[in-house]
Amino acid sequence: FGPIFATVAATVFNGEMWFVRNGTAYASSDGASWTSRSSNLVGGTTLGRGYATLTVHGGQLWYLGGAINFAPGSGGNPGTGDATNDVWTSSDGETWTQVAATSPFSARYQHASFVLNNELWVFGGRGYSSGVDGPGSASAYSTTNGITWTPRATATEADRSLLAGVVQEPGRVSLIGG
C-alpha cells in the first residue's frame, strides 16, 4: 500500500474486511491479500483523510466525515486541512456516491459511527480547521438514508469521546475508550 498518510477507516462487508485509505477502498477475504476495489475516489480526494468512519447500513458501505489533508508526519504534523461532514455510500465498494456534501451535524473527525435500530448514527468527535484541532462535539445524529439527519442529542458526554471503539450487538452499541 505504500506509506499510509492518513488513518484508515475499516469494517466488514459481505464477508470481507474493507478499509479506505487516501481515496481508495480495499477488500480482503483473508487479511493477507488485499485488492483495490474502488473505481472512483472514495471521499472525492486522494489527499489523506484522517479519522473518517466506515460502517455498513442497509446493505451498503457508508463513509462519513474525517479530516481532509490529514497527514501526520514527523513531529506529529497534522496537515493543513479541515474536518468535513460529507456522506458517501456504495452498494458494492467499487462505485461510490456522495449523498451529502454537507450534513446538519458539524464537520468532525475522530468521531464514531454505528447502526442502532436500523438507523445510521454519528456521535462525538471534534472539529479540525486549517490543521488545528477544534473543540469536542457533544452531539449525536441519526439517519435512515444518509441525507435527512435527526438530532438525537446536543449535550452528551460525547465531547469527551474521541477515537472511541465501537462494539455493535443486536439492539445495543457500546463505545469503548475515547
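A few points about this structure:
- Using a probe radius of 1.4 angstrom, the carbon and sulfur fraction of the accessible surface of segment 92-176 is 49%.
- Long-range amide H partners of His57 with built H, under 5 Å: Trp62
The values are calculated or read from the model by the stated rules, or taken from the named source; none is laboratory data. Note that this is a predicted model, so its numbers are computed, not measured. Protein only, heavy atoms only, side chains kept; ligands, DNA and RNA dropped before computing areas. Shrake-Rupley method; radii C 1.70, N 1.55, O 1.52, S 1.80 Å.
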